[in-house]
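What follows is one structure encoded as C-alpha cells, with my remarks underneath.
Any read-out appearing in this document is the output of simple, stated calculations on the displayed coordinates, not a laboratory observation. Just so it is clear, the structure is predicted and the values come from calculations on it, not from any experiment. Note that each Cβ is placed from the backbone with ideal geometry, even for glycine, and that neighbours are counted across all protein chains shown.
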Amino acid sequence: MSDRVFDRILADKRNLEHILDNLMEGIISHDRNRRILFFNRAAENITGYAREEVIGRDCHEVFGSPFCGQRCSFCGESPDLIDHKSYVVNILTRKGEPRRIEMSVTGMVDEDGRFLGVLAAFRDLTDLFGMKLRLGEINSFAGIIGKDHKMLQVFDQIRDLATNDFPVHISGETGTGKELAAAAIHDESHRGGGPFVPVNCGALPEGLLESELFGHVKGAFTGAIRDKKGRFELAHGGSIFLDEVSDLPRFMQVKLLRVLQEGTFTRVGGESTIVVDVRVISASNRDLKKEVESHNFREDLYYRLNVVPIRIPPLRERKNDIPLLAAHFLEQAVKRGQKSAVLSEDALAAMMDYSWPGNVRELQNAVYFALVKSRGSTIHVDDLPLELARTAPICKPGPARKLDRDSVAAALKQSGGNKARAARLLGVGRATLYRFLDDFESVP
C-alpha cells in the first residue's frame, strides 16, 4: 500500500474512528474547554459510560470530578500546551466499581502549532495487578518494597483505599515505613498529584504547634512579622500526614477534632474562618486505643482518626523481605555514586537471624555501614555492625533459618495449599519450601 493511499484512509473520519474503536486501549480526547470530542469502544468498556452520554459534554461533569484526579491539567485555566505525561490513576466506573488504569496523555496541536486539547490513551490494569498480588509476583507497590504475605495484605488495603477519602490511621513500630505507607495512600487516591504534607507532631515545640498546623496572622505574637499559612492550608486539595499523632497535647486534640468534623479552622490571632479540603492520614508507634484508656488521648478524636486502621508489620515478622530490602538499598547506593557490592551468604544469614528492633530503617543503616566498611565487592559478616555480627551462625544456614512456621502456614493458606504458589509468595524456591516441610511436618 502506498503512503498516499494510507494517508487517504486515515483522512477519512469513519476509517479513523473504526481503527480507534478496534484498539484494546481506551481513547478519550477533549478540547481546551474540556468538551469531549472522542470516546472509543474500549473507553466505554473500561469506564462503563456510553459514548452518547459523554460526547460534547464537559469531562468533569460527565465523571462527577476530574477523570485524572489532582493530576488533571484543566482544573483551572486551560494550559497553553501539554507535554506527554504517563501515570497510574484509580477511578470509579459508572457503577461505582474501582478500576486501576494506566493513563498516557499528550497534547493535540493544529498545523500552525496551536494547542487544541488533549488525547489520552488508557488501559485497565485492575485484573493484572490483582492476579499478581494473589500469586505473590509483586516485589514493590507505590514505592514500598516487599513481597511477604503480610506486606501483600498491606498493599491490598492501600489499593482498597484508592477510591475513597476516609481518614486512615497507620500503626507500627518506629522505622517500619509508616510515612511511606501514608504517601502511597495519597498517591494512589484521586488526590495523587496534589500536595502531600507530612507533620511530625512529636518534633514540634508545643508553643509553636498551633501556628505550624493552622498558621497565624501578622502580629499574633512576638516574631509574627507576616501572615503565614499552616500545614492544613498547604495541604488543601491533597493529604496531610500527622505522624506521632499520639504526642499531640490535649488542647490541640480539641482543635484537630473540629477540623475533622467541620473542615474549618482559624489562624492564630485571626478572625476569619478558613475552609480546607484535606484528607487526614495519621500514624503512631503507640497503641492509640491504650492511650485513650490511659486518658492521654481523646476518645472522640480516636474514632475520627481511626476510621480505616492499617498496621505495618515489624521487620522481624516479615523476614522473607530482608534479602529484597538489602538488595534495594545496595542498588540505591550505586545510584548515588557508591561502589557496587553484594551480600555474602554468611552476612545474609546474620541479617536473617537478627531481630531488627529498629526495623527497615535500621536495616538500611546496617547496609550502608557495611558498604563503607567492606574492602571489596562482597560484604561479609565482619563488615556488618557489631550487634549483627554477634548473631552470625557458626554453621551454614539451611532453609529452616530462612523460613518460619507462621509465614509458611499463612502462605499455604493464601495459596489454597498450592506449594509452588506458596513458595512464590514466600520468595523462595520450591525445593527450599519442600525441605522445610520435610523438616517440620507439623506445619499445617
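Loop-only GluC sites (Glu not before Pro) in region 67-156, please: DSSP not H, G, I, E or B, and at most 11 other Cβ atoms within 10 Å.
Hits after loop and neighbour filter: GLU77, GLU111.
Which lysines does LYS150 reach when only Cα atoms under 25 Å apart count, and residues fewer than 8 places away in its own chain are ignored?
LYS132, LYS178, LYS289, LYS290, LYS319, LYS402, LYS413, LYS419
Using a ≥ b ≥ c from the Cα gyration tensor of the chain (square roots of the eigenvalues), is it rounded, prolate or oblate, where a/c under 1.5 gives rounded and otherwise the larger of a/b and b/c decides, a/b for prolate?
Oblate, since a/c reaches 1.5 and b/c is not below a/b.
For the chain, what is the mean residue ellipticity at 222 nm derived from helices alone (per DSSP H run of n ≥ 4: -39500 (n - 2.57); sum divided by total residues; nearest 500 deg cm²/dmol)?
-11000 deg cm²/dmol, from helical runs alone.
In whole angstrom, note down how far apart the Cα centers of region 281-329 and region 205-271 are.
Centre-to-centre distance over Cα atoms comes out at 24 Å.
Please give the charge dipole size of region 315-389, origin at the Cα centre, charges +1 on K and R Cβ atoms and -1 on D and E Cβ atoms. Round to the nearest 20 debye.
The calculation lands at about 360 debye.
Quote the relative contact order of the chain in percent (integer), defining contacts as alpha-carbon pairs under 8 Å separated by 6+ residues.
13 percent
How many percent of DSSP beta bridges within the chain run antiparallel, rounded to 5?
60 percent
Identify, among VAL199, VAL54, GLY175, the residue whose Cα sits farthest towards the positive end of the charge dipole of the chain, taking +1 on the Cβ of Lys and Arg and -1 on the Cβ of Asp and Glu, with the dipole about the Cα centre.
Toward the positive end, the furthest listed residue is GLY175.
If you add up the charges near SER374, with Lys and Arg at +1 and Asp and Glu at -1, over every other residue whose beta carbon is less than 14 angstrom from its beta carbon, what do you get?
With Lys, Arg at +1 and Asp, Glu at -1, the net is 0.
If the viscosity is 0.890 mPa s and the temperature 25 °C, what Stokes-Einstein diffusion coefficient in µm²/s follows for region 3-124 when Rh is the Kirkwood radius over Cα pairs?
In µm²/s, the coefficient rounds to 163.
Considering only the other residues whose Cβ falls under 14 Å of the Cβ of GLY215, what net charge follows from Lys and Arg at +1 and Asp and Glu at -1?
Spelling it out: positives minus negatives among the neighbours equals +2.
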